[in-house]
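All remarks here apply to the structure that follows.
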Amino acid sequence: MLNKFYPAFLCLEDYTLLKGWSFFDPVISSGEIVFNTGMTGYQEIITDPSYSGQIILFTYPELGNTGLNNQDNESKFIHVKGIIAKNISTFSSNWRSNISLKEYIIKKKIPHIFGVDTRALTCYLRLQGVMKGYISNKILQTPKHNCLFNQFNFDLVKKVTNFKVYLLSYLNSVYFSNLYSHLNYKLIKYNDFLFHQNNINIVVIDFGIKHNILSRLLFYKCNIYVMPATSNYNQILNYKPNGIILSNGPGDPLIVSYAVNTIKKLIRYSNIPIFGICMGHQLLNLALGGTTFKLKFGHRGLNHPSGLSQYSEITSQNHGFAIQSKFFQMNNINNNDILKITHLNLNDLTIGGIKHKKKPIFSVQYHPEASPGPHDSDYLFHAFVKLIVNIKKYNNH
């Protein structure tokens, strides 16, 4: 395939202009420009619903060497508004690869620009904070310019959630069958305790669920009911869940007030184990009375240390908001037997995880399914299922 390049422009909302190239004349695409420091995982990132509305700046200098495959997508759709790269390899080499990144970008018409000094741009965003921008094949005039920058204050969760309930069963799921080849070592580790447990029903509230979170639950032989983000308390209880997952998702958690109200009722009136992940962590803490704030440039990468008291895990992270630590300090929560901080982000000491001392509830600000990323935190799914099994045993006696 001949390499034909087209001029492309990246313009930030402070009118900083960068010139580069694309594989086709790009349609105009605007979004919040955020950077990810991972060396791998571009396929998962492009298809991750948590990146809805965002243009991804990849700091690693070359993308595409390993191509893309049929197993690693995090959803059925492209959710990013664009890709910014230093270089995009025009061919790939990997035994799992089905298509090169270049061919995929052209096939899916993903707005993109390459030939940009991505690390210099990252340094600029670290100083100035993340900002809106657009990718285009021409420089726009000011009125259209401003219009592109004023369209981001809406509920992204409602954009990505599935509004129909669907069931995933480990008995006939393609997710579960695929896991045996990639995660066989975990079968040995957890088989004796969990793999003979049956009838574990998990409700996943879909704020922008990643496929690999569902895969991890199916690995533990759970039956999963994936429900819309707008589901209410009674609708959730109708499925008689043994556990509830509050999934990851995009945007500002304060906008998702309808989910916060539902989570408040679940906390107060049920004794069902709840596990919050990323957006789910933020919404859970809002339901518990906390507050959130927007980070200057977010946490997006595969090597963020999270831990407490001389203990650290290396985690995969993707979020632009965090829980106010003042909430814990002002209410003296750690000293009155309500909540406990279990993890801090050890880069900036923002809250990375909490657990409830009186109810079977916990959450983390990072991605324990680790796709992409290290598997240090995978034990959290094991802990969640073990919690469910123990509560079921207690209730049956």
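Counting just the residues of the stretch 93-109 that are buried (at least 21 other Cβ atoms within 10 Å of the Cβ) and either among the aliphatic types (A, V, I, L, M) or modelled with pLDDT under 95 (or both), which one comes out farthest from Cys11 (Cα to Cα)?
Within the stretch 93-109, the match that is farthest from Cys11 (Cα to Cα) is Leu101.
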(1) modelled with pLDDT under 85; (2) assigned to a strand (DSSP E or B) all hold for Gln329 apart from (2)
When Met1 is run through (1) at pLDDT 95 or above; (2) not assigned by TED's automatic domain parsing to the domain that holds Cys123, the failure sits at (1)
Only unsatisfied item for Asn172, checking (1) at pLDDT 95 or above; (2) outside the structural domain of Glu32 (by TED's automatic domain parsing), is (1)
Condition set among the hydroxyl-bearing types (Ser, Thr, Tyr) and under 18 Å from Ile213 (Cβ atoms), scope the stretch 28-65, selection nearest to the chain's Cα centre (by Cα): answer is Ser50
Margin query: For the structure I just gave you, tell me whether Ile46 is touching a Gly at 6+ places or on another chain (Cβ under 8 Å), at pLDDT 95 or above, aliphatic (A, V, I, L, M) and not assigned by TED's automatic domain parsing to the domain that holds Gly251.
Written below: no
Of Leu254, Leu295, the only residue that is modelled with pLDDT of 95 or more, of a type outside the set (S, T, N, Q) and touching a Gly at 6+ places or on another chain (Cβ under 7 Å) is Leu295
Pairs returned, first residue in the stretch 37-58 that is within 19 Å of Gln71 (Cβ to Cβ) and without any contact (Cβ under 8 Å) to a residue 12 or more places away in the chain, second residue that is among the acidic types (Asp, Glu) and not in a strand (DSSP E or B), beta-carbon separation under 9 angstrom, 6 or more apart or interchain, are none
For Leu68, the lone unmet condition from (1) surrounded by fewer than 22 Cβ atoms within 10 Å (Cβ to Cβ); (2) within 24 Å of the chain's Cα centre (by Cα) is (1)
Taking the stretch 35-54 and keeping only residues that are of a type in the set (A, V, I, L, M, F, W, C) and buried (at least 21 other Cβ atoms within 10 Å of the Cβ), one is left with Phe35, Ile45, Ile46
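The values are calculated or read from the model by the stated rules, or taken from the named source; none is laboratory data. Quantities reported herein were computed from a predicted structural model and do not represent experimental measurements. So basically every Cβ, Gly included, is an ideal-geometry build from the backbone, and we count neighbours across all protein chains shown.
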